[in-house]
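The values are calculated or read from the model by the stated rules, or taken from the named source; none is laboratory data. The structure displayed is predicted, hence computed values, not measured ones. In this analysis, Cβ positions are derived from the backbone assuming ideal geometry, glycine residues included, and neighbour counts consider all displayed protein chains.
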Amino acid sequence: MTARASLLSAIPPALTLLALPLAAALLATPLPARAGPPSFDCLMAKLPVEKAICRSPILSAFDVEIAEAYGRAMSALSDGLRDTLRKAQRTFLAARDAAFGLPEEDLELRLADQVAFLKAIETRGRFTLEGAWRNGIGGIDVKMRPDGVAEVSIGTTEQTRAIWLCEIQGEARQGPDGWVLRPDPGLADGWIVTLTPRGGQLGVTTRPMAGPDGPAPGEPIPFCGLGGTIDGDYLPVRPQIDWGR
């Protein structure tokens, strides 16, 4: 089965809804046609994953696309957004290296997804809450209703083995410190999730409620696996990708 044919089945359940626009673009797009070396010197390749990329024209082409798309995005983003993208790229590279050789790993799919992410970034930033957002561990989808309430879905996952998943949905209302998420019943009892548009990106913070309504000391976040998190900054991404750019 090719990476494109297996794409939807490979997306963790918590991220399926958020990944569908990227998945649709990948499924409709041919593999890179260019033939040539990757973005790095194959004579200097030491890691097994680097050697695999050097042996494959398709993987080499994806590697070049990633390097070029990353460079274009970094040159166009403001400082704060560049920091978020730099962190996401480091997460991608670390997961790419660590996951190579695992039974379920599909390197072609991983590289193609990173190309899709990098090309989808709105480099001017976004200063409204609505839309799709993504970073190195997952994504957020926000739809605004006519009554001013935001419908929010958040999904993140550990990027090497998916040893943890986080998934939460609910309604968010604007407060003095940001948009406070009211999750679906039972998803986040005792916890407060706040979404804050800032500097063209979207920040997410999770904190325990104070007093008797809060969680017991050491109690894990109920909508995440052990060690999981949704906290951090997310970059704005287009729901449809112009692959011709």
Qualifying position, being farther than 30 Å from residue 193 by Cα, of a type outside the set (Val, Ile, Thr) and exposed (fewer than 14 other Cβ atoms within 10 Å of the Cβ), among 143, 51: 51
Only listed residue being over 23 Å from residue 136 (Cβ atoms), at pLDDT 95 or above and in a strand (DSSP E or B), chosen from 173, 182: 173
One residue from 96, 72, 82 being basic (Lys, Arg), more than 21 Å from residue 239 (Cα to Cα) and assigned to a helix (DSSP H, G or I): 96
Residue among 46, 51 that is assigned to a helix (DSSP H, G or I) and over 18 Å from residue 233 (Cα atoms): 51
Selection status of residue 173, within 28 Å of residue 238 (Cα to Cα), among the charged types (D, E, K, R), in contact with a helix residue (DSSP H, G or I) (Cβ under 9 Å, 6 or more places away or on another chain) and assigned by TED's automatic domain parsing to the domain that holds residue 151: no
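Looking only at region 105-141, count every residue that is touching a residue at least 24 places away in the same chain (Cβ under 8 Å) and not in a strand (DSSP E or B) and tell me the total. Show your work before the answer.
Narrowing region 105-141 to residues touching a residue at least 24 places away in the same chain (Cβ under 8 Å): 106-109, 111-129, 131-141.
Next, only the ones that are not in a strand (DSSP E or B) stay: 106-109, 111-120, 122-129, 135-137.
Number of matching residues: 25.
Test residue 61 against the criterion of being surrounded by 21 or more Cβ atoms within 10 Å (Cβ to Cβ), among the small types (Gly, Ala, Ser), part of a helix (DSSP H, G or I) and out of contact with any Phe, Trp or Tyr (no Cβ under 7 Å at 6 or more places or on another chain), and give yes or no. Show your work before the answer.
Working: surrounded by 21 or more Cβ atoms within 10 Å (Cβ to Cβ): yes; among the small types (Gly, Ala, Ser): yes; part of a helix (DSSP H, G or I): yes; out of contact with any Phe, Trp or Tyr (no Cβ under 7 Å at 6 or more places or on another chain): yes.
Yes: the conditions hold for residue 61.
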